[in-house]
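Values quoted throughout were computed directly from the atomic coordinates according to the rules given, and no laboratory measurement underlies them. The structure displayed is predicted, hence computed values, not measured ones. Every residue, glycine as well, gets a Cβ built from its backbone with ideal geometry; the counts of neighbours run over all protein chains shown.
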Amino acid sequence: MLRIVFTCLIFIVITVPAATITPIPQNIEYNLNKALLGKKLFNDTRLSSNNTLSCASCHDLQNGGDDNLIFAVGVDGAIGNINTPTVLNSTFNFRQFWDGRAKNLQEQAYGPIENPIEMAHDFSKLIPQLKETEYKNEFSKVYKDGITKKNVANAIAEFEKTLITPNSRFDRYLRGEKEILSNFEKEGYRLFKDKGCITCHHGVNIGGNLYNKFGTLMEIENDNLGRFNVTKNKDDKYYFKVPSLRNIALTSPYFHDGRYYDLESTVTTMALVQLGRPMKQDEILSIVAFLKTLTGELKIIENRKHD
Ligand code: HEC
Ligand code: HEC
């Protein structure tokens, strides 16, 4: 027992100082022609079985990159069973989906198109349909082998790379504008580090780079088994990809089951179940104020003007 405690202490001492938050870069590398094609696909309802939904229907880029619903609504009003995460900054996530079942954005993009409670389409029908449209020509200019399932997903993933949100007030603070945050917000950041939120929410996406259990130090009601659904390993029960906290003020409701609309209840729950201790109301409010400084700027790529 003592040895376990000692090992844990060493682990904490070694890992905590390494847990830092880094600003989102101003630019990211991508292929503009593929990304522009991906942008068109992302906004195209022809990707759903009855032409009613596009990726953007559930991932509203101007409003946090999600749908602000508890559960998503798919084709014919089918109700999903998990909260829609944002697509903004998803390129920084180490895996995609709450349970990490897709290893990257390209693999992820196959999912919603064929998911019966999302776009309910079928690639074996979609690809021939797209070949009948202007996409045939557009793909052939960008991909040697034209329209294929892989190239559709690849173009969408290329567009998603561009959806980064630099220049949040917090990132500007990290870059040296020390006066850009109020003292209350700075206090929130200090508590976020000192109380241990940062052990799970860190890196460029302030999350998105590890799995953790929802309810590490206190059991919480939860009807989704999370990562266990993928691995069937009992140690993975109730583990989820730790969500990014970037633009968190825009993406309510919160948690994989959308149980809270407000950040105050969300942070109160995190303190209790992840850190195992209640937090004072003013501490919670300052952490919430800090979280609201994480909203960045989104620039959507545009077609080049013809000369
Ligand atoms: C009906 C609503 C809906 C539509 C349409 C939809 N999504 Fe999603 N999206 C979701 C939900 C719900 C999840 C979470 C599913 C899960 O984790 O099991 C999700 C997850 C994602 C993620 C993972 C983000 C993360 O942090 O794990 C990405 C990326 C994404 N969607 C992109 C897309 C793209 C690209 C399309 C179009 C091809 C699309 N979505 C269409 C609802 C939707
Ligand atoms: C031990 C790891 C861990 C710690 C520590 C932790 N979190 Fe979390 N956080 C998670 C996980 C896992 C989730 C996803 C839970 C779910 O929805 O099932 C989450 C979800 C969240 C969400 C909701 C995000 C969303 O998009 O729905 C917020 C906000 C949040 N955490 C803030 C905090 C704050 C503030 C602290 C410190 C008081 C904290 N977290 C401490 C792991 C952690």
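Applied to the range 179-191, the Karplus parametrisation 6.51 cos²θ - 1.76 cosθ + 1.60 on θ = phi - 60° returns per-residue 3J(HN,Hα) values of 8, 6, 9, 6, 4, 5, 5, 5, 4, x, 5, 4, 5 Hz, with x for Gly and Pro. Of all the options Val142, Val204, Val267, the one that moves most in a Gaussian network model of the chain with Cα springs shorter than 10 angstrom is Val142. Close amide H contacts of Tyr260 (hydrogens built in the peptide plane, cut-off under 5 Å, sequence separation of 5 or more or a different chain): Tyr254. Each residue, Asp262 and Asp194, gets one label point 7 Å from its Cα in the Cβ direction; the gap between the two is 2.5 nm. For the range 167-294, averaging the sequence separation of C-alpha pairs within contact (under 8 Å, six or more residues apart) and dividing by the residue count gives a relative contact order of 32 percent.
Taking each residue as 0.36 nm, the span from Ala78 to Ile127 lengthens on full extension beyond its C-alpha to C-alpha distance by 15.3 nm.
Near Ala102, the amide H atoms lying under 5 Å from its own belong to Gln96; only residues 5 or more places off or on other chains count, and H is placed 1.01 Å from N.
Shown here are the Rg and Dmax of the Cα trace of the range 258-303, at 14.7, 51 Å. Proximity of backbone amide H atoms, modeled 1.01 Å from N, is registered between Gly226 and Tyr238 at under 5 Å, excluding neighbours fewer than 5 places apart on the same chain.
Mean separation of Cα pairs under 8 Å and 6 or more residues apart, divided by the residue count, gives the chain a relative contact order of 23 percent. When the P(r) is computed for the chain, the part past 34 Å accounts for 26% of the Cα-Cα pairs. What's the center-to-center distance, using Cα atoms, between the range 243-297 and the range 177-215 in Å? Centre-to-centre distance over Cα atoms comes out at 10 Å. Computed from point charges on the beta carbon alone (+1 for Lys and Arg, -1 for Asp and Glu), the dipole magnitude for the range 121-256 about its Cα centre is near 360 Debye. Inter-label distance, Asn63 to Thr20: 3.8 nm, where each label sits 7 Å from its Cα along the C-beta direction.
Projecting the Cα positions of Gln106, Ala78, Phe123 onto the charge dipole of the chain (unit charges on Cβ atoms of Lys, Arg, Asp and Glu, taken about the Cα centre) puts Gln106 furthest along the positive direction. Using C-alpha pairs under 8 Å with a sequence gap of at least 6, the mean separation divided by the residue count of the range 32-161 gives a relative contact order of 31 percent.
Taken one residue at a time, the phi angles of the range 223-238 give Karplus couplings (6.51, -1.76, 1.60, θ = phi - 60°) of 9, 10, 7, x, 4, 3, 4, 8, 9, 6, 8, 5, 5, 9, 4, 6 Hz. Gly and Pro are set to x. Above 27 Å, the calculated P(r) of the range 167-294 contains 18 percent of its Cα-Cα pairs.
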